[in-house]
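Visitor: Have a look at this one.
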Amino acid sequence: MRIRRLFLVALLPALIACAPMVKDGQPLTAKTEFVVRAGQTIGQTFTARDRGLNGVEIFLAPDASGAGEIRLHLRASPQAQTDLATSTLAQVVRAPGWYRFAFAPQTDSRGRDYYMQLEMYGEGASRVGSALGESYLDGALYENGVPRDAQLAFRMAYDPIEVAIGLAAMLVTWLQVIVVAILLFVLPGWALLAWFLPGWRALAWGERLGLASGLSIALYPLLILWTAVFDLHLGALYAWAPSIVAIGALVWRLKKINNWQLTINNCQLSIENFAFAFVVALIIFTRFWAIRSLDVPMWGDSYHHTMITQLLVDNGGLFDAWLPYAELQTFTYHFGFHSAVAAFHWVTGASMPRAVLWVGQILNILAVLALYPLAVRVGGNRWAGIAALLIAGLLAPMPMFYINWGRYTQLAGQVILPAAILLAWMVLEARARDKWMLALAWLAWGGLALTHYRVLIFGIFFFPAYFLFQVRREQIVAAVSKISWMGVGGGVLFLPWFIHTFAGKITANFTRQLTTSADAVSAWTQQYNSIGDLANYLPMGVWLALVLALAWGLWRREKAVAIFALWWFFVLLAANPRWLHLPGEGALSNFAIFIAAYIVAGVVLGAVASGFQVSGFRFQVALVAVLIALGLWGARERAVEVRAEPHALMTRADLRAAEWIQSNTPRDARFLVNTFFAYGDSVIVGSDGGWWLPFLTRRQTNLPPLNYASENGARPDHLRWINALPRMIQEKGIGDANVMAELQARGIRYVYIGQRQGRVNYAGPHVLKPAELTANARFQLVYQQDRVWVFEVICSLGERAAGYTESPYLRVFPQSSLIDDSGWQ
């Protein structure tokens, strides 16, 4: 009996491996149901997210009795006639429930688009469960080959062995990305610090990684700016040169045997090293796992970040004109993040949307790692750094949640910020002025200024906090001298770009915000600058622990904790000058500050918690056990932090539509897309995939990137002119004669309604409605797939717009070439 049990236990993994994995898909969420019967088909487009698709489960219910059988056809598209697989339901539908259609595993299914069609052969009928149209992003329900605003209630099944093979391939890709990340975003700064930072050899690996990553990210915008000063555009050399030089410099530095031996010694196994590696591995896993199903970065910010990066690549460096993607004529935005993405693209060849996703997550990792050396500085030991990584990387929702907003530029600035602060701290505490250490600080602060203007302001407030707590009377002159030297050096590096910003409106807008009195601040600005629910930024338990930690640190007169606390208090006051009846509200936002609260929480909590450690092997083992438990819990929470439904503008259906637009519309075609007014009704923003059309198709729309508010356009009144059309449509309606005349005057010949149908971050009444356009003879439907609609604007009744290519809208369903199916997918 015991042998039999052992045998069953041994077979358990194999038995589990034989059972299909059921996941993804769309559950039943609506009462509306469709019927499959002889002569009436029901279908669904969908995207498989794993390798080894071997079945589909569909919610069915009996409708009319009969001995007929239901057959599922798996095809590449609704227009395809060739079956990739077929499956016949082996039972009669007698009760409502989930019924599985099994077929041979599709070994190439990961990331592939499919269409499944249900047909009834023989007598009988079954009702098919359905859901609301907006409930599934990557497809739609089809009735007799015609897309409906609904979704089939279905679930996908996968072969576990094939899924495991796919996951292994994904891990290989992750390792490749990590190697490239080290090459680009660690080694350049590492080499500079190894050569020029006193005491570099004494630093732990975590301290080196944090400092090196910050300095590496700061380096790329400086190189691009200062080569542009001399009219040089080096293209891919911006990526390869720093890495190659860094490798050569490090090899030369380590050629002596004692240096190699010191490096080997730093790699020796210890409880601290194990804890550090474990937490970092979990952070990497959560960041990369979260984007495995994304094709395009989310939210509106991601759109202009992708476009700016593409323009950097197209021009081999800095640019002014935004053509062919937008009709803007100046570029004054910070570009540190975009420089990093361009470098990644030049090395890997990844598509730009995919490169933005990868680098965004790499920086999400580095923004947490950057806290390690700062926490060690404040706490005085390595456990402070490990605790900071645990809190900021796994227990707090920020910065992980940044991916949903595309808040990548602030994230890049917060990779550099801790390094800039720590280098400034070192300069201020050095007994003599070290020119090389000062030069490193210049690079960090100059790069920070080019990467994010507001994060630079965060950093500047460190100096008065340090001055008040750390500088004694006899040290005032020396401290002022060092701060001045850092300011002058960093300012000189930033100066060419600061002068350049006057070409656009960004400096004037910022100056206006700084000089607006507290009484004159608009109600919208006050509402926008409200702090909101603190639980959105950090768990309430972490907030409570932070307050207690600050109180404990101040009671113990820990100067480093006091400096850190006062620094962020000054930053908070800067975002709320109204509290002091001062002008400037809106120049810094509370939102930007509080989503960066993970910095102060991680460093202060880590520093204070590390002070309670007790020596002894058993205590450290118990500490690691607690860390593992918290880390695994936090990893589970962070791995599902991506919220595509409320934040994704682009879907697979939009990508396929963009492919159709490229092939079936003139190059000079212009599109009207869904928009809504934002930021106090001062600008328009997009609310579905139509915002991405200029980047994906090179066709212009009525909606430029958000930067149009701070850049100059082709006409002096471009801001007012751009806003006028959507305001007219809101007031008069799309079918009004004046609106039609305005569309014609602006050369708009097509209307695009994306898969999300104008409902991303917008619940108002003003969206383009397919039913309204279909009922108007001035709009001719030319494409409909899933929930995406494209209409041609008829210039006059009975006359088609010039350049129209007759292409029946239900004949084309491409596997879009706009989807990155390279090894970097």
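Visitor: If you split all Cα-Cα distances of the stretch 114-186 into 10 Å bins from zero, what percentages do you get per bin, shortest first?
Guide: 14, 27, 21, 21, 11, 4, 1
Visitor: Give the separation of the Cα centroids, the stretch 342-369 to the stretch 167-192, in Å.
Guide: First find each Cα centre; the distance between them is then 10 Å.
Visitor: Here is a follow-up. Name the trypsin sites (Lys or Arg not before Pro) in the stretch 376-434 that are in a loop by DSSP and that have at most 14 other C-beta atoms within 10 Å, would you? Walk me through the intermediate numbers first.
Guide: Working: sites: ARG377, ARG382, ARG407, ARG431, ARG433; in loops: ARG407, ARG431, ARG433.
Those satisfying the criteria are ARG431, ARG433.
Visitor: In percent, how large is the relative contact order of the stretch 614-750, given Cα pairs closer than 8 Å and 6 or more residues apart?
Guide: 21
Visitor: Cβ under 13 Å from ALA639's Cβ, ALA639 left aside: what net charge do those residues give with Lys, Arg +1 and Asp, Glu -1?
Guide: Overall, the nearby charge balance is +3.
Visitor: Average the reciprocal distances over every distinct pair of alpha-carbons in the stretch 528-630, invert the result, and give the Kirkwood radius in Å.
Guide: 15.5
Visitor: Which aspartates and glutamates does LYS559 reach when only Cα atoms under 17 Å apart count, and residues fewer than 8 places away in its own chain are ignored?
Guide: Of all the aspartates and glutamates, those that pass the test against LYS559 - Cα under 17 Å, at least 8 places apart if same chain - are GLU429.
Visitor: How big is the gap, in Å, between the Cα center of the stretch 450-476 and the Cα center of the stretch 694-749?
Guide: Distance between centres, Cα-based: 44 Å.
Visitor: Another question, if that's okay. So what is the 222 nm mean residue ellipticity for the chain from helices alone, if each DSSP H run of at least 4 adds -39500 (n - 2.57) and you divide by all residues, rounding to the nearest 500 deg cm²/dmol?
Guide: Working: 31 runs with 419 residues, N = 825.
Helix-only estimate at 222 nm: -16000 deg cm²/dmol.
Visitor: Right, another one. Need one number for the chain: average projected area of the convex hull over its C-alpha atoms, nm².
Guide: Taking a quarter of the hull surface, the average projection is 41.2 nm².
Visitor: Quick one: accessible area per residue over the chain, 1.4 Å probe, rounded to a whole number of Å²?
Guide: Values: 33680 Å² over 825 residues.
Dividing the accessible area of the chain by its residue count gives 41 Å².
Visitor: Which order do the peptides 554-562, 214-222, 145-153, 234-242 take when ranked by the mean count of other beta-carbon atoms within 10 Å per residue, highest first?
Guide: Final packing ranking: 214-222, 145-153, 234-242, 554-562.
Visitor: Something else now. So for the stretch 300-386, Kirkwood radius off the Cα pairs, Stokes-Einstein at 10 °C and 1.306 mPa s: how many µm² s⁻¹?
Guide: Roughly 109 µm²/s, to the nearest whole number.
Visitor: Ok, one more. Less than 18 Å apart at the alpha-carbon level, and either on another chain or at least 8 residues along: which aspartates and glutamates does that give for LYS769?
Guide: GLU134, ASP149, ASP654, ASP688, GLU731, ASP736, ASP786, GLU792
Visitor: Continuing with the same structure: Going by average Cβ neighbours within 10 Å, how do the peptides 710-716, 189-195, 587-593 rank, with the highest at the top?
Guide: Listed from highest to lowest mean packing, they are 189-195, 587-593, 710-716.
Visitor: Continuing with this model, one more query. Report the chymotrypsin sites (Phe, Trp or Tyr not before Pro) located in the stretch 131-175 that are in a DSSP loop and have at most 14 other Cβ atoms inside 10 Å of their Cβ, or state none. It would help to have the intermediate numbers written out before the result.
Guide: Working: sites: TYR136, TYR142, PHE154, TYR158, TRP174; in loops: TYR136.
Of the chymotrypsin sites (Phe, Trp or Tyr not before Pro), not one in the loops of the stretch 131-175 has a Cβ with at most 14 other Cβ atoms within 10 Å.
Visitor: Where the Cα atoms of the stretch 341-405 are projected onto their three principal axes, how long is each span, largest first, in whole Å?
Guide: Its Cα atoms span 43, 24, 12 Å along the three principal axes.
Visitor: Further question: Which whole-number percent gives the relative contact order of the chain, counting Cα pairs below 8 Å spaced six or more residues apart?
Guide: 14
Visitor: Mind listing P(r) for the stretch 271-332? All alpha-carbon pairs, 5 Å bins, whole percents.
Guide: Over the stretch 271-332, the share of Cα pairs per 5 Å bin runs 4, 14, 16, 14, 11, 10, 11, 9, 6, 3, 1, 0 percent.
Visitor: Let me ask something else about it. Express the relative contact order of the stretch 322-388 as a whole percentage, based on alpha carbon pairs under 8 Å and six or more residues apart in sequence.
Guide: Dividing the mean separation by the residue count of the stretch 322-388 yields 16 percent.
Visitor: Cβ neighbours within 10 Å, averaged per peptide: list 327-335, 750-758, 619-627 in order, most packed at the top.
Guide: Averaged packing, sorted descending, gives the order 750-758, 327-335, 619-627.
Visitor: Jot down the radius of gyration and Dmax of the stretch 37-85, Cα atoms only, both in angstrom.
Guide: 13.0, 37
Visitor: Along the charge dipole of the chain, Cβ charges K/R +1 and D/E -1, which of GLY43, GLN106, ALA601 sits furthest on the positive end?
Guide: ALA601
Visitor: Would you please name the trypsin sites (Lys or Arg not before Pro) within the stretch 439-516 that are DSSP coil residues with at most 11 other C-beta atoms within 10 Å of their C-beta?
Guide: ARG472
The values are calculated or read from the model by the stated rules, or taken from the named source; none is laboratory data. Fair warning: this is a prediction, and the values are worked out from it, not measured in the lab. Positions of Cβ are backbone-derived with ideal geometry, glycine not excepted, and every protein chain shown enters the neighbour counts. Keep in mind that these areas ignore ligands, DNA and RNA; they rest on the heavy atoms of the full protein, side chains included. Shrake-Rupley method; radii C 1.70, N 1.55, O 1.52, S 1.80 Å.
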